[in-house]
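The values are calculated or read from the model by the stated rules, or taken from the named source; none is laboratory data. Quick caveat, the model's predicted, so the values are computed rather than measured. Here Cβ is always computed from backbone atoms with ideal geometry, including for glycine, and neighbour counts include all displayed protein chains.
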């Protein structure tokens with residue numbers, strides 16, 4: 001079996017599973033966790049986690065359900081981790097994939113740049129289809145720039161160019177400059193005609209910029225034009241951790257550096273929070289640091305358990321989703337898998353109480369999606385942009 005990145009040949013290989021040897025399983029598992037959170041909360045007809053929360057008619061059930069609502073609030077919820085994790089993993093693989101392309105030497109630098117631009121355009125188009133409902137051909141008020149694939153497209157374009165032309169110290173300085181600059185904009189740029197709080201859900205600089213730039217194509221509750229600064233920083237932090245995976249030698253050293261970096265980001269975000277609150281809706285700098293810190297710590301744990309200790313079969317459920325993340329994300333946006341799952345469980349679920357029925361149907365929808373991804377994985381059918 002081929003050796004994984006940073007995994008010594010003598011490492012234990014317990015729980016061997018159907019994980020492709022040419023991929024770094026820990027990265028696929030992390031991406032798969034992000035996809036699992038996104039899907040099991042609100043798309044594809046598989047809201048397993050909110051349905052599970054309905055089973056408890058108690059304070060615990062209420063608190064549990066709150067973890068899966070995308071409200072404008074300060075602080076962190078489980079659902080707030082998924083999208084920054086997805087952006088982070090995009091950055092994580094940029095130095096690995098670009099170094100591989102350079103090593104192959106096919107077509108030279110010009111071809112690499114063309115591939116970067118092509119991929120960014122396709123991702124943005126897919127974002128318009130998923131979040132803007134482009135295929136409905138209703139252009140009068142079609143939401144623009146409100147989907148994670150669009151944020152990824154912009155972040156990938158900028159960060160890939162940075163990786164090709166700069167070293168990691170510059171990338172670190174740029175990430176810190178973007179996060180600081182975003183905070184300074186909120187602190188020192190007033191919103192015309194607004195005297196309320198600078199982080200108010202009713203009006204703030206991000207809402208003003210979205211309205212000014214997107215006009216009728218702005219979706220209420222999505223204020224992301226200004227937050228592009230944070231999206232790029234989010235991806236860039238992933239790039240920096242990708243440099244750790246690519247260039248720091250033995251797996252134990254990678255784990256130590258990832259753990260230290262993740263702890264530093266998490267601490268920095270929490271320290272900054274009193275001055276720049278952790279607000280997912282505004283994608284604040286403290287939010288980026290906290291979520292990227294937690295994601296980096298998860299990555300360190302995955303590298304330890306999967307790539308070093310060899311618990312691969314245990315991670316297979318996540319790897320299957322992560323290996324085809326774009327495919328399952330688009331499928332979940334375009335199709336209601338509850339309708340397919342109900343072919344099997346529809347009759348049984350109708351015999352149950354409404355809340356139990358919802359959970360059974362959501363689990364069936366998620367199972368259908370996973371089985372499709374498993375078939376694609378087993379047949380080595382990977383959808384690449």
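What the table below lists for this structure:
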quantity: So residue 289, is it under 16 Å from the mean Cα position of the chain (by Cα), within 16 Å of residue 87 (Cα to Cα) and surrounded by fewer than 23 Cβ atoms within 10 Å (Cβ to Cβ); calculated: no
quantity: Among the residues listed as 125, 157, 135, 149, the single one being closer than 21 Å to residue 328 by Cβ and either under 17 Å from the mean Cα position of the chain (by Cα) or not in a helix (DSSP H, G or I) (or both); calculated: 149
quantity: Residues within the range 200-210 that are under 16 Å from residue 143 (Cβ atoms) and exposed (fewer than 15 other Cβ atoms within 10 Å of the Cβ), tallied; calculated: 0
quantity: Any hit, the range 106-113, residues being touching a helix residue (DSSP H, G or I) at 6+ places or on another chain (Cβ under 7 Å) and part of a helix (DSSP H, G or I); calculated: yes
quantity: Verdict on residue 370 being modelled with pLDDT of 95 or more and over 22 Å from residue 83 (Cα atoms); calculated: no
quantity: Matching option when the condition is on the phi < 0 side of the Ramachandran plot and more than 22 Å from the chain's Cα centre (by Cα), among 143, 190; calculated: 190
quantity: Of all residues in the range 313-323 being surrounded by fewer than 24 Cβ atoms within 10 Å (Cβ to Cβ) and touching a helix residue (DSSP H, G or I) at 6+ places or on another chain (Cβ under 8 Å), the one that is farthest from residue 85 (Cα to Cα); calculated: 314
quantity: Of all residues making up the range 48-69, the number that are part of a loop (DSSP other than H, G, I, E, B), over 17 Å from residue 353 (Cα atoms) and in contact with a helix residue (DSSP H, G or I) (Cβ under 6 Å, 6 or more places away or on another chain); calculated: 2
quantity: Residues satisfying the stated conditions in the range 325-354, i.e. surrounded by fewer than 16 Cβ atoms within 10 Å (Cβ to Cβ) and in a helix (DSSP H, G or I); calculated: 334, 339, 343, 344, 346, 347, 348, 354
quantity: Residue check for residue 291: modelled with pLDDT of 95 or more and either in contact with a helix residue (DSSP H, G or I) (Cβ under 8 Å, 6 or more places away or on another chain) or in a helix (DSSP H, G or I) (or both); calculated: yes
quantity: Close pairs from the range 345-360: first on the phi > 0 side of the Ramachandran plot and in contact (Cβ under 8 Å) with a residue 12 or more places away in the chain, partner surrounded by 16 or more Cβ atoms within 10 Å (Cβ to Cβ) and not in a helix (DSSP H, G or I), Cβ under 8 Å, at least 6 apart; calculated: none
quantity: Given (1) outside any helix (DSSP H, G or I); (2) free of Cβ contacts under 8 Å to residues at least 60 places away in the same chain, index of the condition residue 208 fails; calculated: (1)
quantity: Selection status of residue 103, in a helix (DSSP H, G or I), under 17 Å from the mean Cα position of the chain (by Cα) and free of Cβ contacts under 8 Å to residues at least 60 places away in the same chain; calculated: no
quantity: Residue check for residue 223: in a loop (DSSP other than H, G, I, E, B), closer than 30 Å to residue 163 by Cα and touching a strand residue (DSSP E or B) at 6+ places or on another chain (Cβ under 9 Å); calculated: yes
quantity: Scope the range 239-261; condition on the phi < 0 side of the Ramachandran plot and not in a helix (DSSP H, G or I); matching residues; calculated: 248, 250
quantity: Residues satisfying the stated conditions in the range 70-100, i.e. under 12 Å from residue 41 (Cβ atoms) and either outside any helix (DSSP H, G or I) or out of contact with any helix residue (DSSP H, G or I) (no Cβ under 9 Å at 6 or more places or on another chain) (or both); calculated: 70, 77
quantity: Matching residues in the range 355-385 - criterion: being outside any helix (DSSP H, G or I) and either more than 20 Å from the chain's Cα centre (by Cα) or surrounded by 13 or more Cβ atoms within 10 Å (Cβ to Cβ) (or both); calculated: 379, 380, 381, 382, 383, 385
quantity: Unique residue being within 14 Å of the chain's Cα centre (by Cα), under 30 Å from residue 198 (Cα atoms) and modelled with pLDDT of 95 or more when the list is 269, 262, 238; calculated: 238
quantity: Matching entry among 213, 191, 244, 239 (being touching a residue at least 24 places away in the same chain (Cβ under 8 Å) and either under 22 Å from residue 120 (Cβ atoms) or in contact with a helix residue (DSSP H, G or I) (Cβ under 6 Å, 6 or more places away or on another chain) (or both)); calculated: 239
quantity: Residue 69 modelled with pLDDT of 95 or more and under 29 Å from residue 156 (Cα atoms); calculated: no
